[in-house]
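Everything on this sheet refers to the single structure shown next.
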Amino acid sequence: MSHEHQPHHSHSINADSLNKAFIIGIVLNLAFVAVEFAAGFWFDSLALLSDAGHNLSDVVSLVLALLAFRLAKVRANARYTYGYKKSTILVSLLNAVILLVAVGAIVIESIHKLSNPAVVPGGAIAWVAGVGVVINAFTAFLFMKDKEKDLNVKGAYLHMAADALVSVGVLVAGIVISRTGWYIIDPIIGLIVAVVILISTWNLLHDSLRLTLDGVPSSIDSKKVVEAIHAIPGVDDVHHIHIWAISTTENALTAHIVLKKSEDMQGVKHLIRHRLEDFGIGHATLEFEIPGEHCEAVFADD
């Protein structure tokens, strides 16, 4: 039996940089939520109050994502042999659900406003929304470079990008209202923004559900992994293969490798280890067999 645990460098992310990005994002967005709530009460604007509540839910999401990263660093123990790395996947799923709830809230509020347009100070709303565009876009920018490397980072990016879109919508609505008095434009833009958020959230929800169920990560083609192992000199066959995610940044594999000759084991093991790294699999548990020998699977068959 061979157990190989190697980091996958091509998909690595800077944890310290991400921690700073999360902290900066949390502080900036908390400050904006306070300003937006105050402005909403002052101008009696339901649009600003609703957007402030949405932004507050995103601050909670950022805090959860930061907590997941901290938990992922906790050492494994006798009860949790992988530590708490799986929490990163659960938080990514929770963030996707929060985004969907936010979409539902925007749709309900927009439909209500279509039948009962509210009279609001367009100019004041535009100014507050303009500040929101800057803060949310900047926070999204902090996560942009790592958004395809980790589902939690992608979730944070989508939350902030969605908030920036909502703020742009509120900004446009504020300008149009201040110049034309067309209060109906506010709910129409809200519905458009909701559709955009829903489309961008779908992949996050799909990927996080897949990882929660220990499915093969979408970035890995299991057939190509099997073909790559088969192509390694000294390998006669491969079976009982399982691929899953330990966390949003780490993938694992178990497999039975049938060798052509027993003396090839060390060389084949080395080649397989490095080939798996190319697929983003840094944790591999391999059982080697010789043709004709009885095989007992360490993990349950599919």
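Rule-based calculations on the coordinates, nothing more; no lab input. Fair warning: this is a prediction, and the values are worked out from it, not measured in the lab. We place every Cβ from the backbone using ideal geometry, glycine too, and count neighbours over all the protein chains shown.
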What are the DSSP H helices in the chain that stretch 30 Å or more along their long axis, judged by alpha-carbon atoms, and whose average Kyte-Doolittle hydropathy comes to at least 0.0?
-> 15-43, 46-72, 87-115, 122-144, 151-180, 185-212
Partners for residue 20 among lysines (Cα-Cα distance below 25 Å; same-chain residues under 8 apart left out) | 73, 85, 86, 145, 147, 149, 154
Any lysines with Cα under 20 Å of the residue 260 Cα? List them, leaving off those in the same chain fewer than 8 positions away.
-> 269
In order through segment 235-249: 3J(HN,Hα) via Karplus (6.51 cos²θ - 1.76 cosθ + 1.60), integer Hz, x for Gly, Pro = 8, 8, 6, 9, 8, 6, 8, 9, 10, 8, 9, 6, 8, 6, 10
Cleavage-rule hits, chymotrypsin sites (Phe, Trp or Tyr not before Pro), segment 44-113, DSSP coil, Cβ neighbours within 10 Å at most 15 | 80, 82
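Give the percent of DSSP beta bridges with both residues in the chain that are antiparallel, rounded to the nearest 5. Walk me through the numbers on the way to the answer.
Numbers: 12 of 19 bridges.
Approximately 65 percent, going by the DSSP bridge assignments.
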Rg (one decimal) and Dmax (whole number) from the Cα set of the chain, in Å, equal 24.6, 83
For segment 197-298, state what percent of all Cα-Cα pairs lands in each successive 10 Å bin, counting from 0 Å until the bin that includes the largest distance.
-> 14, 43, 26, 11, 4, 1
Amide H to amide H under 5 Å from residue 284: which residues, 5+ apart in sequence or cross-chain, H placed 1.01 Å off N in plane?
-> 4, 5, 6, 253
Using the reciprocal of the averaged 1/r over all distinct C-alpha pairs, how large is the Kirkwood radius of segment 139-209 in Å?
-> 13.2
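Could you put 179, 275 in order, starting from the residue whose Cβ has the fewest other Cβ atoms within 10 Å?
Working: 179 11, 275 16.
So the residues, fewest neighbours to most, are 179, 275.
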